[in-house]
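Trainee: Before we start, here is the structure in question, set down as structure tokens.
The values are calculated or read from the model by the stated rules, or taken from the named source; none is laboratory data. As the structure is a prediction and not an experimental result, all values here were calculated from the model. Cβ: placed from backbone, ideal geometry, glycine included. Neighbour counts: every protein chain shown. For the accessible areas, the whole protein counts, side chains as well, though only heavy atoms, and no ligand, DNA or RNA atoms are used. Shrake-Rupley method; radii C 1.70, N 1.55, O 1.52, S 1.80 Å.
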Amino acid sequence: MPLCQILTNVPPPAPQAERTLLTDLSRLLAQRFDKPERWVMTCLVPGLSMTFGGTPAPTALVAVKNVGTMKPADTEILSREICDRLSKTLAVPPERIYIQFTDAVDYLWGWNGGT
């Protein structure tokens, strides 16, 4: 199950912009990890108290998790694409975005009462 969580200190975008961002990221992860989009989850948590480099200027922390092994080419492309989308939708400069990529172990993820 690919997951993309976005934590940011910027206010929420307009509802349509938020939906577009999350659905774009969902499609992006499904394509990059070659998994059906029905397994992809995205979430945006705006308006947090955050700093980066000692300043509360717009910033974001993104966590991308996937069951399986991510390849360097995948994370490189995803980093660029995620930063691009967050910069356009949330006005967070790419140099103020950290992205953590994590390979998840299948038996450590639960769904529908099982693992």
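Trainee: With +1 assigned to the C-beta of every Lys and Arg and -1 to the C-beta of every Asp and Glu, and no other charges, what is the dipole magnitude of segment 52-115 about the Cα centre in debye, to the nearest 20?
Mentor: Numbers: 6 positive and 7 negative charges, 39 e Å.
Dipole of segment 52-115, to the nearest 20 debye: 180 debye.
Trainee: Which value, in debye to the nearest 20, gives the size of the charge dipole of segment 4-54 about its Cα centre, when Lys and Arg are +1 and Asp and Glu are -1 at the Cβ? Kindly include the intermediate steps, with their values, before the conclusion.
Mentor: Details: 5 positive and 4 negative charges, 22 e Å.
Magnitude of the dipole: close to 100 debye.
Trainee: Would you work out the charge dipole size for the chain about its Cα centre, treating the Cβ of every Lys and Arg as +1 and the Cβ of every Asp and Glu as -1, and quote it to the nearest 20 debye?
Mentor: Details: 11 positive and 11 negative charges, 33 e Å.
Charge dipole of the chain: 160 debye, to the nearest 20.
Trainee: At 1.4 Å probe size, what's the solvent-accessible area of GLU81? Round to the nearest 10 Å².
Mentor: We get 60 Å² for GLU81.
Trainee: If you don't mind, there's one more thing I want to ask. As an exercise, find the ratio Rg/Rh for the chain from alpha-carbon atoms, using the Kirkwood inverse-distance average for Rh. Could you put the intermediate results ahead of the total?
Mentor: On the way: Rg = 14.2 Å, Rh = 14.6 Å.
Rg divided by Rh gives 0.97.
Trainee: Counting alpha carbon pairs within less than 8 Å and at least 6 residues apart, what relative contact order, in whole percent, applies to the chain? If you can, show how the numbers build up before the last one.
Mentor: Values: 184 pairs, mean separation 37.4, N = 115.
Rounded, it is 33 percent for the chain.
Trainee: Below 19 Å, Cα to Cα, which aspartates and glutamates can LYS88 reach? Residues fewer than 8 away in the same chain don't count.
Mentor: Qualifying aspartates and glutamates at Cα under 19 Å: GLU18, ASP24, GLU76.
Trainee: While we're looking at this one, here's another question. Could you work out how far helix 15-33 tilts from the main Cα principal axis of the chain, as a 0 to 90 degree angle to the nearest 10?
Mentor: That works out to roughly 40 degrees.
Trainee: Would you grab the residues whose amide H sits under 5 Å from the one on THR42? Only those 5+ places off in sequence or on another chain, please, with H modelled 1.01 Å from N.
Mentor: Excluding prolines and chain starts, which carry no amide H, the hits are CYS4.
Trainee: Which percent of the accessible area of the chain is formed by carbon and sulfur heavy atoms (probe 1.4 angstrom)? Working shown, then result.
Mentor: Details: 3690 of 6700 Å².
After summing per-atom areas, the C and S share lands at 55 percent.
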